[in-house]
Amino acid sequence: DVFLKVFGGPPGPTPESILPDLDIPILALWGGADPWTPADKGLHPGNKFGDYTKSGDFTLVTLESAGHCPHDECPDQIHKSLLPWLEEKLK
């Protein structure tokens with residue numbers, strides 16, 4: 001039932017419509033082996049998200065061995081990218 005609601009429901013706002021309103025640093029951690037939303041393909045390629053940000057402070061990190069849910073699949077790699085990025089932003 002939940003599966004059908006997720007894939008049968010409205011798609012929600014696009015990244016292009018949300019990102020211009022965010023005036024904050026953004027770190028996108030993307031699975032390089034994501035079969036559903038590759039960072040460089042599709043209607044909303046993640047490697048273009050930086051073009052839409054207000055601040056221009058957008059960092060895309062591709063985790064080559066991760067799929068669609070890198071936070072579940074490789075949390076150590078997530079922390080390895082996230083923690084130094086946070087430290088830099090909080091200086």
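The values are calculated or read from the model by the stated rules, or taken from the named source; none is laboratory data. Predicted model only: the values in this text are computed from it and were never measured. Heads up, the Cβs are rebuilt from the backbone with ideal geometry, glycines too, and the neighbour counts pull from every protein chain shown. Surface accessibility is based on the protein's heavy atoms, side chains included, excluding ligands, DNA and RNA. Shrake-Rupley method; radii C 1.70, N 1.55, O 1.52, S 1.80 Å.
Please find the FRET efficiency linking L90 to L22, where r is the Cβ-Cβ separation and R0 is fixed at 22 Å, and quote it to the nearest 0.05.
0.80
Taking the Cα centre of the stretch 4-91 as origin, work out the dipole magnitude from +1 charges on Lys and Arg Cβ and -1 charges on Asp and Glu Cβ, in debye rounded to 20.
Around 140 debye, computed over the stretch 4-91.
If you roll a 1.4 Å probe over the heavy atoms of the protein chains, what accessible area per residue do you get for the chain, in Å²?
Roughly 72 Å² per residue, with all protein chains present.
If the elastic network links every pair of Cα atoms under 10 Å, which of I26, I78, I18 fluctuates the most in the Gaussian network model of the chain?
I18
For the chain, what does the convex hull of the Cα positions come to per residue, in cubic angstrom?
Spelled out: Cα convex hull of the chain, divided by residues, is 115 Å³.
Of the heavy-atom accessible surface of the stretch 1-78 (probe 1.4 angstrom), what whole percent is carbon and sulfur?
Percent of accessible area from carbon and sulfur atoms in the stretch 1-78: 60.
Roughly how many Å² of K5 are accessible to a 1.4 Å probe, to the nearest 10?
140
Among all the lysines, which ones have a C-alpha under 20 Å from K91's C-alpha, if same-chain residues fewer than 8 places away are not counted?
Here the lysines satisfying the reach criterion relative to K91 are K80.
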